[in-house]
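The structure appears below as structure tokens.
Please treat every number below as a calculation from the coordinates, not as lab data. Being a predicted model, the structure only gives us computed values, none of them experimental. Positions of Cβ are backbone-derived with ideal geometry, glycine not excepted, and every protein chain shown enters the neighbour counts.
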């Protein structure tokens, strides 16, 4: 049962940005104090900028949970600060390039991080061209490229595994529609947005396959599974990319239609009902749906919103099935 918004957990991306920005900000702080004590003004102010910028990113992500832009900013800051430090202090600061190279592969997609890395390595090689001997140049580039390749492989594999795990956690394995867990999370997000921006209506469409138990009994459960798959494909081919389809349970499915007033949702519900009725393979197996539609009302919980759509759907069944009703 979904009755209220639960405290949101930190995503992996948030945890990475918070850890990198927080640890880096605290870690650079002693160097900032030391540089000021030594009157090394240029590097001192650079370190102070790093502390303030990293600390600000930490606070922003902690409060907003947003990660996409902060990740890009943090990656840029890492490279910018390391590059300027090397530019100001010379070859003795080269060791800082290794944690920076590793960090950006945690923050950005592997291909973008690789472009960042190659660009900064070329720039560093250029500004230090008079300080690096041939041996040091080879040593620098072989070690940094090895770090880059290792980080690339690790980042690429980690992100692919993360996508696979996310898909397993949020997709119904039979139909490839979103599962109930994903639906509940989406409902909470939509309701949170609705309570901030009431000028963008949202609607629910709840669909139930009529007499599906009889279909299973007559044609078998394997055929029933095939019918569910074809049904989902039929629905997906009709709805917008912004409309999200979820398997609520058994033969019940939910569409969350954002920025959709009730009148448009009613039209869509009728079109979906008609599409299922007329789809050749589904029609052959006498598959129809009963549909209930409900617009989100202010201060309503997800459970209440779903409940109204569910009552409308059962009203459609009582009227003889293969019909649509509105809450």
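Neighbour counts of C-beta atoms inside 10 Å place 291, 232, 276 in the sequence 232, 276, 291, starting with the fewest. For segment 197-327, the C-alpha radius of gyration divided by 2.2 N^0.38 Å, with N the number of residues, is 1.03.
Once mean projected area of the Cα convex hull in nm² is calculated for the structure shown, the corresponding label among [x] 21.5; [y] 14.1; [z] 17.2 turns out to be [x]. Taking every alpha-carbon pair under 8 Å whose residues sit at least 6 apart, the chain reaches a relative contact order of 15 percent. From helices alone, the chain scores -23000 deg cm²/dmol at 222 nm; the rule is -39500 (n - 2.57) for each run of n ≥ 4 DSSP H residues, then divide by the residue total.
For segment 161-245, the equivalent ellipsoid derived from the Cα gyration tensor has semi-axes of 28, 17, 11 Å, listed largest first.
Protection proxy ranking, highest mean first, for peptides 155-164, 315-324: 315-324, 155-164, where packing is the per-residue count of other beta-carbon atoms within 10 Å, averaged. At the listed q of 0.15, 0.22 Å⁻¹, the Debye profile of segment 73-212, built from one uniform point per Cα, gives log10 I(q)/I(0) equal to -0.82, -1.26. The C-alpha atoms of the chain define a longest principal axis, and helix 12-37 lies at about 20 degrees to it. Relative to the dominant Cα principal axis of the chain, helix 221-238 is inclined by about 70°. Taking the DSSP beta bridges with both ends in segment 180-326, the antiparallel portion is around 85 percent. What whole-number distance in Å separates the alpha-carbon centres of segment 174-194 and segment 91-161? Segment 174-194 and segment 91-161 have Cα centres separated by 40 Å. Segment 288-327 and segment 206-276 have Cα centres spaced 14 Å apart. The alpha-carbon positions of segment 1-146 define a convex hull whose volume is 114 Å³ per residue.
The angle separating the long axis of helix 180-196 from the principal Cα axis of greatest extent in the chain is about 80 degrees.
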